[in-house]
Amino acid sequence: MPLALLALAISAFGIGTTEFVMMGLLPNVADDLGTTVPAAGYLVSAYALGVVIGAPLLTALGSRIPRKRMLVLLMAVFTVGNLASALAPTFGLLIAGRFLAGLPHGAFFGVGAVVAARLVREGRQARAVATMFLGLTVANIVGVPAATLLGQHLGWRATFLVVAAIGLAAMAALARLVPQLPAQERTGLGRELRALGDRQVLLGLLTTVFGFAGVFAVYSYLASTVTRVTGFSQGTVPLVLALFGIGMTLGALAAGPLTDRALRPTLYGSLAALTVVLAAFHFVAEVKWAALACVVLIGAVGFMTTTPLQMLVMNKAQQAPTLAAASNQSAFNLANAGGAWVGGLALTAGWGWTSPTLVGAVLAAAGLAVAVTAGLLDRGDGAAAHETSRIVARGGESAQEAAESAPAGGHTG
C-alpha cells in the first residue's frame with residue numbers, strides 16, 4: 001500500500017478522535033462553562049450539523065482545486081476549528097468552534113476516498129478506502145479513550161489542543177506523502193451535481209441513512225444499557241466502548257477485500273448480519289459475556305457496511321464521484337442523529353433500556369430492503385453489480401501510475 005494512505009489514515013484518526021471524544025467530556029465542559037449536561041449535548045449536534053452542511057458545500061466550492069491541495073486545506077480548517085474550541089471563552093463560541101471543526105469532515109472523507117482509490121491498481125480500491133477508514137476506527141480504540149482521560153485530568157481544553165496538533169501533523173503528512181493527481185482527473189461542479197441525481201446514488205445514500213441509523217440507535221445509549229441492564233459498573237464503560245472500537249476495526253479490515261471481491265453481496269451480508277445481531281442483543285443483554293460479544297459484533301458488521309456503501313456511491317456517480325462520496329458522509333451523520341433520536345423515542349415511550357436494539361434492528365432491516373431494491377433495479381438496467389475498479393480509476397490507470405509516467409517536475413507538492 002502507498003505511504004500516502006498512511007497520511008489519510010492519520011487525518012482520519014484526528015477526525016475520529018474529535019468527533020467522538022466530546023461525548024465523554026460533556027460533564028467537564030458543562031461544569032467549566034456553567035451550563036447543564038443536556039445543554040452541552042448541543043456540542044455533539046453542532047459538530048454533526050457542520051458535517052452535514054460542510055460535506056456538499058466545501059466539496060462544491062473546492063471542485064476545481066487539485067485534490068492534494070484540497071485535502072491540506074480541509075485539514076487546515078479542521079485544525080483551526082479544534083484550536084478555536086480549545087481557546088473558546090464562552091459556551092456559544094465553543095459551539096461555533098465545534099461547528100467549524102465539523103465542516104471539513106465529510107468533504108475530507110469524500111475527497112480522500114477518491115484519492116485513496118486512485119492510488120492503487122484495479123481490484124484494490126476498496127482496500128485502499130478501508131485503510132483510510134482504519135484511522136477512524138483506531139481513534140475509537142486509542143484516540144477517544146486517551147483524549148477523554150487527558151481531558152479529565154488536564155482539562156477539556158487540553159484535549160482539543162492535542163487534536164489540533166494531530167491536525168498539524170496530518171497536514172504535514174498529506175503535503176509530504178500524497179502525490180498530485182493529474183489535472184485531467186479533476187471534474188467540474190456541474191458534473192458533480194449531476195452525479196448526485198443518479199437513482200443508484202440516491203438509493204445508496206438512503207441505504208446509509210437507514211442502515212447506519214440502526215448502529216447509532218444502539219451506540220448512543222450503549223453506556224446506559226450495559227450499566228442498567230447488563231450490570232456493568234460505570235468504570236467499565238470505557239472498556240465496553242473500546243470493544244466496540246475493536247469490532248469497528250475488524251469490520252473495516254474485512255470490508256476492504258470483501259468489497260473488492262463482491263460489492264453488493266458484502267453490503268447485503270453485513271446489513272443482514274447487523275439486523276440479526278441487533279435483535280439478538282435485546283434478548284441477551286442481561287448476560288455479560290453475550291452482551292460484550294454483541295457489542296463487538298455490532299461494531300464489526302456495522303462498520304463493514306461503510307466501505308461498500310462508500311464505493312457504491314462512488315461507482316454510481318461514474319466520472320464525478322467526489323461530491324457523492326462526501327454526501328455519503330452527510331448521510332452517515334444524518335444516520336447518527338436520526339438513530340439516536342428514534343432510539344430516544346423508544347426510551348421515552350417507556351419500552352425499556354433494550355428497546356433501542358429492536359429499533360436498530362428495524363432500521364438495519366429497512367436499509368437492507370433499500371439496498372436489495374437498488375440491486376434489483378440495477379440488474380434490471382443491465383448494469384454490472386461489481387464495477388469498483390472500472391469507474392473509480394478511469395481507464396485502468398491509478399494516480400500513482402499516472403504520476404510515475406508524468407514528465408519530471410510535472411506535479412507539485
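Some observations on this one:
- Normalising the average separation of contacting C-alpha pairs (under 8 angstrom, six or more residues apart) by the number of residues puts the relative contact order of the chain at 26 percent.
- Trypsin sites (Lys or Arg not before Pro) within segment 39-99: DSSP coil, no more than 15 neighbouring Cβ in 10 Å: R64
- Fraction of alpha-carbon pairs over 15 Å apart in segment 190-261 - percent: 71
- Extending 7 Å from Cα along the Cβ direction at L168 and again at T36 yields two label points whose distance is 3.9 nm.
- In segment 1-126, taking the dipole from charged Cβ atoms about the Cα centre, the farthest positive-side position among M23, G112, A39 is held by G112.
- Across A172, A374, A279, mean-square fluctuation computed from a Gaussian network of the chain (C-alpha pairs under 10 Å connected) peaks at A172.
- Computed E for S224/L93 - FRET, C-beta separation, R0 35 angstrom, nearest 0.05: 0.70
- Relative contact order [Cα under 8 Å, 6+ residues apart], segment 81-164, whole percent: 34
- Candidates V359, V80, V295, ranked by Gaussian network fluctuation over the chain, Cα under 10 Å, top entry: V80
- Each of H282, G92, V295 was placed along the dipole of the chain (beta-carbon charges, centred on the mean Cα), and the one lying farthest toward the positive end is G92.
- List H282, H105, ordered by accessible area with a 1.4 Å probe, largest first: H282, H105
- Rounded to whole Å, sorted largest first: equivalent-ellipsoid semi-axes of segment 53-212, Cα gyration tensor: 29, 18, 17
- Considering only G343, G54, G92, the mean-square fluctuation computed in a Gaussian network model of the chain, springs between alpha carbons under 10 angstrom, is largest for G92.
- Candidate values (i) 25.8, 86; (ii) 20.4, 67; (iii) 20.7, 60, label of the one derived for Rg and Dmax of the Cα atoms in Å: (ii)
- As a ratio to 2.2 N^0.38 Å, the alpha-carbon radius of gyration computed for segment 153-312 takes the value 1.30.
- For the chain, complete DSSP H runs whose alpha carbons reach 18 Å or more along their own long axis and whose mean Kyte-Doolittle score is 1.0 or higher are 4-33, 42-61, 67-87, 91-117, 125-138, 156-177, 199-219, 237-261, 263-284, 288-303, 355-380.
- Surface exposure of the chain, expressed per residue as accessible area with a 1.4 Å probe, stands at 38 Å².
The values are calculated or read from the model by the stated rules, or taken from the named source; none is laboratory data. Note that the coordinates shown come from a computational prediction; the quantities given were computed from them, not determined experimentally. Neighbour counts are summed over all protein chains in view; Cβ atoms, including those assigned to glycine, are modelled from backbone coordinates with ideal geometry. With ligands, DNA and RNA removed, areas are computed over all heavy atoms of the protein, side chains included. Shrake-Rupley method; radii C 1.70, N 1.55, O 1.52, S 1.80 Å.
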